[in-house]
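Reading through the structure tokens given below for one structure.
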Amino acid sequence: MPTSAPLFLAFVLKRSEYSNTSLLLELFGDTSGRIAAIARGARRPHQHTSALLQPFQPLWLACRGRGAIQTLTTIEEVSPPLALHGPALLAGFYLNELLMRLLARHDPHPALFVFYQATLAQLAATPELETPLRHFECHLLAELGYGLTLERVVDDGAPIQPTQVYTYVCDCGPCYPSERRHGPLVSGATLLALAQSAPLDATQRREARTLLRMVLEPYLGGRPLHSRELYRHWFAAHHLHES
């Protein structure tokens, strides 16, 4: 007798219509990694599965198939969806877009999945979004083997000092500043806070945003992130409304 496919914990990263009644999904699972799957018949009238197959909704799923696109066979709700609204919702879309752009398919990252789930919970719980975003970016890069050097100076291996300012050279790390080195200036306090997943103050958030954007850029293939554009439009509209 055929055995049923094992359940795995997952989130929908993106969904789109497929044929007349189905959905094509990009999924991130704890044991599956990033996969593509079809939810057949999910868009038929009176089908409740379409409402479940939304981003930020924890799900138990099972799939069958060995090709590039699998077929969902089980869809079960784990808990209510995480309540992300306004800028927190856009931050969640940013995380999803990073995962879709940087993760290879069928490459499990269980520790990253746990960190992703925890980051979504942080975004839902705090109005200060940049700190969890920066820590997620650092964790994602480390999971992919591109981790940042944050605790040692590459020139001589000396420990990073919180009161010192360093030039962060892409593909190298923090160096003592000089005219021949190109990269953002970053305080040692910011580097150590990133290394320790510690809270970031306003100055550190600004430095960390500049640093992580530079480091991520080569891995994004020169293509802009749609979620960043959405955030810019939201911020401009909100700022105009408030003024």
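The values are calculated or read from the model by the stated rules, or taken from the named source; none is laboratory data. Since this is a predicted model, take the numbers as computed values, not measurements. With ideal geometry, Cβ positions are generated from the backbone for all residues, glycine too; neighbour counts draw on all protein chains shown.
Inspect segment 197-209 for any residue being over 21 Å from the mean Cα position of the chain (by Cα) and farther than 20 Å from Pro127 by Cβ and give the result as yes or no. Quick ask: steps written out before the conclusion?
Taking segment 197-209 as the starting set, the residues that turn out to be over 21 Å from the mean Cα position of the chain (by Cα) are 201-203.
Next, only the ones that are farther than 20 Å from Pro127 by Cβ stay: none.
Looking through segment 197-209, none of the residues is over 21 Å from the mean Cα position of the chain (by Cα) and farther than 20 Å from Pro127 by Cβ.
Each residue in segment 1-33 was checked for being among the hydrophobic types (A, V, I, L, M, F, W, C), within 20 Å of Tyr116 (Cβ to Cβ) and in a loop (DSSP other than H, G, I, E, B), and 1 of them qualify. Can you tell me which of Leu72, Leu123, Leu99 is assigned by TED's automatic domain parsing to the domain that holds Leu24, at pLDDT 95 or above and surrounded by 21 or more Cβ atoms within 10 Å (Cβ to Cβ)? None of the other options fit; the residue is Leu72.
Name the residues in segment 34-53 that are part of a strand (DSSP E or B) and among the β-branched types (Val, Ile, Thr), would you? Let's see the steps before the verdict.
Step one: filter segment 34-53 for residues part of a strand (DSSP E or B), giving 34-39.
Those that are part of a strand (DSSP E or B) and among the β-branched types (Val, Ile, Thr): Ile35, Ile38.
Checking each residue in segment 168-209 for being crowded, with 19+ Cβ neighbours inside 10 Å and among the β-branched types (Val, Ile, Thr) picks out Val186, Thr190.
Listed here are the residues, each with its yes/no results for (1) within 30 Å of Arg181 (Cβ to Cβ); (2) in contact with a Pro (Cβ under 6 Å, 6 or more places away or on another chain); (3) small (Gly, Ala, Ser).
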{"residue": "Ile75", "(1), (2), (3)": "no, no, no"}
{"residue": "Pro80", "(1), (2), (3)": "no, no, no"}
{"residue": "Ala83", "(1), (2), (3)": "no, no, yes"}
{"residue": "Leu98", "(1), (2), (3)": "yes, no, no"}
{"residue": "Pro110", "(1), (2), (3)": "no, no, no"}
{"residue": "His135", "(1), (2), (3)": "yes, no, no"}
{"residue": "Gly147", "(1), (2), (3)": "yes, no, yes"}
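Counting only helices (runs of 4 or more DSSP H) that fall entirely inside segment 77-196 and contain at least 3 residues that are under 15 Å from the mean Cα position of the chain (by Cα) and touching a residue at least 60 places away in the same chain (Cβ under 8 Å), the qualifying elements are 87-102, 110-125, 130-143.
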